[in-house]
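The block underneath contains the structure these notes are about, expressed in C-alpha cells.
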Amino acid sequence: MRKFIALAAVAAGFWPQSLHAETKVTPLLAHDLSDIPGKEGAMLTVDYAPGGSDPIHRHNASVFVYVLKGSITMQVKGDAPVTLKEGQSFFEGPDEVHLVGRNASQTAPARFLAFFVKDKAAPFVFPAK
C-alpha cells in the first residue's frame, strides 16, 4: 500500500497541472523488478480531455503506450508524428524527447495505458533539454 501511495504522489507531479489541466494521470501499480536491480515497472493511465495535450518532456525510462479509448497523436524528436487509435501502441525510449502527446480529437476524450521500466528512484518525467 505504501508503494501505491508513493506512486500516486509521484504521478501527481507527472505533468504540471496548472499548465495542462486537461490531462489526468492515474497511477495503477508499481513493482520492483527483482531480476533487474534498481529498476521498477510502473503502470498508469493518462486521460486527455478533447483537445488535451502534454508539455514537451522526456522520461529517462522505456515507456510502452497502449491506447484504450479514442485516438492520440505522439511524436518523439527525430520522428514524424503518429496518430494512434484504440488498440494501437507506441514506444518511447529513455533518451528520447517527447515533442507531441495530445488527444487527436477536439470533441471526444482519449485514454491510454503507459507501462514504464525505470530507475526506482527516478521521477516519471523530466523537463526536455
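The values are calculated or read from the model by the stated rules, or taken from the named source; none is laboratory data. Because the structure is a prediction, the values reported are computed rather than measured. Methodologically, a virtual Cβ is constructed for each residue, glycine included, from the backbone with ideal geometry; neighbour enumeration extends over all protein chains shown.
Summary table
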{"quantity": "Residue count, region 29-56 (criterion: free of Cβ contacts under 8 Å to residues at least 40 places away in the same chain and basic (Lys, Arg))", "calculated": "0"}
{"quantity": "Subset of region 69-83 that is small (Gly, Ala, Ser) and over 15 Å from residue 54 (Cα atoms) - its residue that is surrounded by the fewest Cβ atoms within 10 Å (Cβ to Cβ)", "calculated": "80"}
{"quantity": "Candidate set: region 11-30, residues that are among the aliphatic types (A, V, I, L, M) and buried (at least 18 other Cβ atoms within 10 Å of the Cβ); chosen: the one modelled with the highest pLDDT", "calculated": "30"}
{"quantity": "Region 31-57, residues that are at pLDDT 95 or above and among the hydrophobic types (A, V, I, L, M, F, W, C)", "calculated": "33, 42, 43, 44, 46, 49"}
{"quantity": "Residue match in region 67-82 (condition: touching a Leu at 6+ places or on another chain (Cβ under 6 Å) and among the charged types (D, E, K, R))", "calculated": "yes"}
{"quantity": "All positions within region 84-128 that are over 19 Å from residue 59 (Cα atoms) and exposed (fewer than 13 other Cβ atoms within 10 Å of the Cβ)", "calculated": "85, 87, 106, 107"}
